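The structure appears right after this line, and notes come after that.
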Amino acid sequence: MTHDAFGLGLHDLNNAGVYAIGEGDEAALAAAMRDAGLLVRRVDLEGVADKRTLLARLAAQLDFPAGSGGNWDALSDNLRDLSWLGAAGGHALFLDRIDALRARDAASFDTLLEILDEASQYWAEQDLPLWAFLSSGY
């Protein structure tokens, strides 16, 4: 599969952002991202239905530095740093099983989307892509 099989234009920073993907697309898309030189990280959000649990799960699965806080500002700050992950070519985040959060805490889901979009824009200004893919399952 080529980098352009999904039609995303992986090497164009203007295309990086937040995308919903269907079940079954993740493996091939993650492989294309790795082939494009991006660090791929998967976050399993199964059972996450509120802000507190979301922030804790993201912090744990993205290895946020200890004491980085458990609020939206800390999430935004951490997504604009990510230096501890050591990705020179950019990032691709796969947030799986997002349905419980979307159904039970729509406000937190919307805030998450905003923060991911802002982080992607920030990274584009640094000439690095940050892609975020949200899916219902895995």
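Every number in this text was worked out from the coordinates using simple rules, so none of it is lab data. Just so you know, these numbers come straight off a predicted model, no measurement behind them. Because the Cβ atoms are built from the backbone with ideal geometry, glycine has one as well, and the counts that use them run over all protein chains shown.
Summary table
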read-out: Sorted by Cβ density within 10 Å, fewest first, the residues TRP123, TRP131, TRP72, TRP84; value: TRP84, TRP72, TRP123, TRP131
read-out: Order of ASP127, ASP77, ASP35 - criterion: other Cβ atoms within 10 Å of each residue's Cβ, fewest first; value: ASP127, ASP35, ASP77
read-out: The stretch 71-118 versus the stretch 14-41: alpha-carbon centroid distance in Å; value: 15 Å
read-out: Local electrostatic count, ALA124, Cβ distance below 12 Å [Lys/Arg +1, Asp/Glu -1]; value: -4
read-out: R0 of 22 Å, Cβ-Cβ distance ASN15-ARG80: FRET efficiency to nearest 0.05; value: 0.70
read-out: Footprinting exposure proxy for SER76, SER120, SER83 (fewest neighbouring C-beta atoms within 10 Å first); value: SER83, SER76, SER120
read-out: Amide H contacts under 5 Å for LEU39, placed H, 5+ residues apart; value: GLY89, GLY90, HIS91, ALA92
read-out: Förster radius 25 Å - calculated FRET efficiency between GLU114 and ALA31 (Cβ-Cβ, nearest 0.05); value: 0.30
